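Asks: Let me give you the structure first, and then I'll get to my questions.
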Protein chains: 6
Amino acid sequence: MSGLSHIDEKGRAVMVDVSGKEETVREARARGEIRMSREAVSALLKGNVPKGDVLSAARIAGIMAVKRTPDLIPLCHTLPIGQVQIDLKPSMEEGSITAFCGVKLTGRTGAEMEALTGVSVALLTIYDMCKAIDKAMEITGICLLEKTGGKSGHYVRREYEDKDTM
Amino acid sequence: MSGLSHIDEKGRAVMVDVSGKEETVREARARGEIRMSREAVSALLKGNVPKGDVLSAARIAGIMAVKRTPDLIPLCHTLPIGQVQIDLKPSMEEGSITAFCGVKLTGRTGAEMEALTGVSVALLTIYDMCKAIDKAMEITGICLLEKTGGKSGHYVRREYEDKDTM
Amino acid sequence: MSGLSHIDEKGRAVMVDVSGKEETVREARARGEIRMSREAVSALLKGNVPKGDVLSAARIAGIMAVKRTPDLIPLCHTLPIGQVQIDLKPSMEEGSITAFCGVKLTGRTGAEMEALTGVSVALLTIYDMCKAIDKAMEITGICLLEKTGGKSGHYVRREYEDKDTM
Amino acid sequence: MSGLSHIDEKGRAVMVDVSGKEETVREARARGEIRMSREAVSALLKGNVPKGDVLSAARIAGIMAVKRTPDLIPLCHTLPIGQVQIDLKPSMEEGSITAFCGVKLTGRTGAEMEALTGVSVALLTIYDMCKAIDKAMEITGICLLEKTGGKSGHYVRREYEDKDTM
Amino acid sequence: MSGLSHIDEKGRAVMVDVSGKEETVREARARGEIRMSREAVSALLKGNVPKGDVLSAARIAGIMAVKRTPDLIPLCHTLPIGQVQIDLKPSMEEGSITAFCGVKLTGRTGAEMEALTGVSVALLTIYDMCKAIDKAMEITGICLLEKTGGKSGHYVRREYEDKDTM
Amino acid sequence: MSGLSHIDEKGRAVMVDVSGKEETVREARARGEIRMSREAVSALLKGNVPKGDVLSAARIAGIMAVKRTPDLIPLCHTLPIGQVQIDLKPSMEEGSITAFCGVKLTGRTGAEMEALTGVSVALLTIYDMCKAIDKAMEITGICLLEKTGGKSGHYVRREYEDKDTM
């Protein structure tokens, strides 16, 4: 046994059987950040003043990506997403934007990959809008913060607890 | 002027005009990594032995994501992708898999976002396949390594030069 | 409170939580029309005679669009569509084609946006096929005719009741 | 001959041959509006104040829909979109939001359907966000304002000229 | 009555109503094969030795296509796919690769089209990778092997029973 | 060297470089058939009489699938499709529908996979609409008939020459 749920006994990728699992409420929360020059954060915040399109675009892109997770990640199940929330926190001091994505659903498997995909695409969207100013940006620290529901129980990541709140 | 190319003078998101630009050969190379327990790297490599489906699935997912970049990133142009290469380097010592994505095309705008999207989705696919073993994985260090073609000229990132080669 | 269900207390777009809602049968019916020259209606009906591809193409495009609603409308939930019916009524006298779309599903939220999207894409498809003849066409009068199921109860639009029946 | 460019001599739908056409710069501009109660316009504008997510979401959805036009409209060609701009004008007096979409590209066929699709999806997105307040909204007056490039020459619609400017 | 479930009494395509059906576990298994020169099978198997990307790519493409069936087949319902398994059996003697696809789900309608679509796209992917060697390949014998669940009961195809096992 | 163009020297799948190739006019024509009971062909043709939705739906689905080929086949390039034509020939005597798909484009690589994908999805769509009548249908004989343009020159398949004409 490989321990990898998506690999069968012959080493082949499979989409694992969830058809017999019960539908329960499941939630996942992920985070990640993009590091950029203060000049870029400042341009983004100034561009943001009148209409907010920069952060709005990233939020919308993240929400839409959550729904398209099974189109992107080969072995992810199509899930009836119940709620998506994306939060973006710019920090001038640290030269970064932190993205949070919370996903909630009633289904047969978890919302973990959906939350991580939402964070990734929101950050890529910010990258796209700031790349004319700063080519050295870095997307980093993408991880699961919390997960509830399902047989694997409640998971909470300690590392970011004090620093990040959504 | 905000300095952000995708925001017009009123702060609204726009897809910028590239219709007058010349078609030239453009290349971009990006990298990123996923950190996981050695137990997870080991399971992934063992699962890999007979058929290689774990890393293959991530490579295929990354290549397909490159082509879908304009569907994910709201203001990205649809580009005639000419070549995509995804390379994945597992390291037992560091407890990580590093992903590289190289994209080449003849078009009116660059391949930067495509290479970054390919890296992100390849890493998310590895996450998905290893998450039953390790919930504390982190996707990190996603950045542009090199970019050629277009009016902004040749960009090379110094930071990863010694460490990473595709 | 803004009264807008998709905007949270900070003015941010969110996909609202439906995970706790009960699954019930929900139906929605929408309509819309495209106004064109009689010459264009006539060409469309003549083109229609042998194989019916003009109106068939619009019907198929509308049905497929219903299923892709959550890919198009950022905050729409992915719903398990149970039934879709598209009806197209050409009128030589009025110089118009009226489109109706009925959607039925068992789910946690309504079918309203799906029916409106089906109507819109069916009409855009007719526009596409007739645009060589008439550039002054107008798509107009897209609205909800009826909606049942869900906590907001039964809605019927009075305005088109005598004129339109699907 | 049916006069319909997408229907062949046997009445079958075909995607017409543009492979021999020259690549030229083409532009199209379309408009449309959504009529709603003043209460709904007011809620939308208030919701808009802090972050602008309502109109931003509609703009982003419209831009993304422009790129997906060939996925929605069966006989549309996949075009290398060069520029997209969506403009939304709320009017408290008239109880409406007017949407404009301008598309520019260098390609073998026009940008007309792309601009109309961008308008339609931007308006549907506004509908979705306001439907909790007003179920009697109507999407109306979707039409082409102007089109340049291609063998059919320059088209300008007279009707909306005084009223609408993008 | 036409006997065709997707055609209404007026000959129009409809997506049939499944909203009142009960959710039950449903399974389908399909097969198909691609015939090619032994030279091509041999190249594919040699290419396969180090990393297995040829057959892995086909497996991943087939699994992803299963999830996208309702995007491709106009009147197919969107189903909550529970499990997908793709098996590929190369035969040097017969000069062929046989593909099997098994799909399992808990839903209101069957998994038949999903399994057939998975087989078709897996075989097209193999075709794509071998077409530089052999242009005379043929994809053939795509059919349903078995189907359970739903009111139409248990179906087993006799023809391939001895020859094929997944 | 494996001889497989999509596999690099390490056995990894890559999307091959076409960015340096010249844009030329390329055409491909593919065919395939679905075998069914005469009862099913008859129902399909009767259902076809008033509005033609059965064969129209298959034609539209095939045309749309041609445009989505790079979304389905992992290593296919996104091509600017110039023309698509789908032809469907029912035969009561043989109990079959034969599908032809012709694709023409000006691009850097061929239209072969697009034509084969169009045939496959058109046939799957017919299967879907007839499956209530006949569960023993078989999709078979999918192959390339002709290919022009590109460095590999003109390919014509002899086998079906007398039998099939589009």
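The values are calculated or read from the model by the stated rules, or taken from the named source; none is laboratory data. Remember, predicted model here, so these are calculated numbers, not experimental data. Cβ atoms come from the backbone with ideal geometry, glycine included; neighbour counts cover every protein chain shown.
Asks: From the list E:A99, E:A61, E:A13, E:A28, pick out the single residue that is within 30 Å of C:L79 (Cβ to Cβ), small (G, A, S), in contact with a Gly (Cβ under 8 Å, 6 or more places away or on another chain) and surrounded by 19 or more Cβ atoms within 10 Å (Cβ to Cβ).
Replies: Just a single option satisfies the conditions, and that option is E:A28.
Asks: Determine the pairs where a residue that is more than 7 Å from every other protein chain (Cβ to nearest Cβ), located within segment A:65-78, has a partner that is in a helix (DSSP H, G or I) and hydroxyl-bearing (S, T, Y) with Cβ atoms under 6 Å apart, the partner being 6 or more residues away or on another chain.
Replies: Going by the 6 Å Cβ cut-off, the qualifying pairs are A:T69/A:T117.
Asks: Scan segment A:35-65 for residues that are under 22 Å from A:Y160 (Cα atoms) and touching a Cys at 6+ places or on another chain (Cβ under 8 Å) and jot them down.
Replies: A:M36, A:G62
Asks: If you don't mind, another one. Does B:D17 satisfy the condition of being of a type outside the set (K, R), free of Cβ contacts under 8 Å to residues at least 40 places away in the same chain and within 14 Å of chain F (Cβ to nearest Cβ)?
Replies: no
Asks: Regarding segment A:125-148, can at least one residue be identified that is at the interface with chain B (Cβ under 10 Å from one of its Cβ atoms), surrounded by fewer than 24 Cβ atoms within 10 Å (Cβ to Cβ) and at positive phi?
Replies: So far as segment A:125-148 goes, yes, one or more of its residues are at the interface with chain B (Cβ under 10 Å from one of its Cβ atoms), surrounded by fewer than 24 Cβ atoms within 10 Å (Cβ to Cβ) and at positive phi.
Asks: A further question on this structure: Being in contact with a Gly (Cβ under 7 Å, 6 or more places away or on another chain) and among the charged types (D, E, K, R), is that true of even one residue in segment A:118-137?
Replies: no
Asks: Oh, and also: So A:G153 ticks every box in (1) free of Cβ contacts under 8 Å to residues at least 12 places away in the same chain; (2) within 14 Å of chain C (Cβ to nearest Cβ) but one. Which box is left unticked?
Replies: Going through (1) free of Cβ contacts under 8 Å to residues at least 12 places away in the same chain; (2) within 14 Å of chain C (Cβ to nearest Cβ) one by one, A:G153 breaks only (2).
Asks: Tally time: how many residues in segment F:74-99 are under 13 Å from the mean Cα position of the chain (by Cα) and closer than 24 Å to E:D53 by Cα?
Replies: Adding up the residues that qualify gives 0.
Asks: With the checklist (1) at the interface with chain D (Cβ under 9 Å from one of its Cβ atoms); (2) modelled with pLDDT under 95 in hand, flag the one item C:V121 doesn't pass.
Replies: Just one mismatch for C:V121, condition (2).
Asks: Looking at the structure I just gave you, is D:V84 at the interface with chain B (Cβ under 9 Å from one of its Cβ atoms), in contact with an Asp or Glu (Cβ under 6 Å, 6 or more places away or on another chain), under 25 Å from C:C130 (Cβ atoms) and crowded, with 22+ Cβ neighbours inside 10 Å?
Replies: So D:V84 does not fit the description; no.
Asks: Something else: Scan segment F:102-118 for residues that are surrounded by 23 or more Cβ atoms within 10 Å (Cβ to Cβ), within 13 Å of chain E (Cβ to nearest Cβ) and not aliphatic (A, V, I, L, M) and report the count.
Replies: 5
Asks: Looking only at residues that are surrounded by fewer than 24 Cβ atoms within 10 Å (Cβ to Cβ) and within 10 Å of another protein chain (Cβ to nearest Cβ) in segment A:34-43, which one is farthest from A:R108 (Cα to Cα)?
Replies: Checking each candidate, the answer is A:E39.
Asks: May I ask you to verify whether C:P74 is under 23 Å from D:G11 (Cβ atoms) and in contact with a helix residue (DSSP H, G or I) (Cβ under 7 Å, 6 or more places away or on another chain)?
Replies: On the way: under 23 Å from D:G11 (Cβ atoms): no; in contact with a helix residue (DSSP H, G or I) (Cβ under 7 Å, 6 or more places away or on another chain): yes.
Against the criterion (under 23 Å from D:G11 (Cβ atoms) and in contact with a helix residue (DSSP H, G or I) (Cβ under 7 Å, 6 or more places away or on another chain)), C:P74 does not qualify.
Asks: Identify the residue in segment C:1-14 that is among the small types (G, A, S) and within 14 Å of chain A (Cβ to nearest Cβ) and, among all such residues, is farthest from A:P80 (Cα to Cα).
Replies: C:G11
Asks: What do you reckon, is B:A13 farther than 25 Å from E:V54 by Cβ, modelled with pLDDT under 95 and more than 17 Å from the chain's Cα centre (by Cα)?
Replies: The answer is yes for B:A13.
Asks: Identify, please: which residue in segment B:100-129 is over 12 Å from B:I63 (Cα atoms) and among the small types (G, A, S) and is, among those, farthest from the chain's Cα centre (by Cα)?
Replies: B:G107
Asks: When only residues in segment F:119-139 that are part of a helix (DSSP H, G or I) and small (G, A, S) count, which is farthest from E:E33 (Cα to Cα)?
Replies: For segment F:119-139, the residue satisfying everything is F:A122.
Asks: Which of (1) facing another protein chain (nearest Cβ under 7 Å); (2) of a type in the set (K, R); (3) within 16 Å of A:D128 (Cα to Cα) does B:R29 not meet, given it meets every other one?
Replies: (1)
Asks: May I ask you to list the residues in segment F:79-102 that are acidic (D, E) and touching a residue at least 24 places away in the same chain (Cβ under 8 Å)?
Replies: The answer is F:D87, F:E94.
Asks: Any residue that is in contact with a Lys or Arg (Cβ under 8 Å, 6 or more places away or on another chain) and either of a type in the set (D, E, K, R) or more than 26 Å from F:P70 (Cβ to Cβ) (or both) - is there at least one of those in segment E:117-135?
Replies: yes
Asks: Across segment B:71-118, what is the total count of residues that are β-branched (V, I, T) and under 26 Å from B:S37 (Cβ atoms)?
Replies: Going residue by residue through segment B:71-118, those that are β-branched (V, I, T) are B:73, B:78, B:81, B:84, B:86, B:97-98, B:103, B:106, B:109, B:117.
From the residues that got through so far, the ones that are under 26 Å from B:S37 (Cβ atoms) too are B:86, B:97-98.
Of the residues in that region, 3 qualify.
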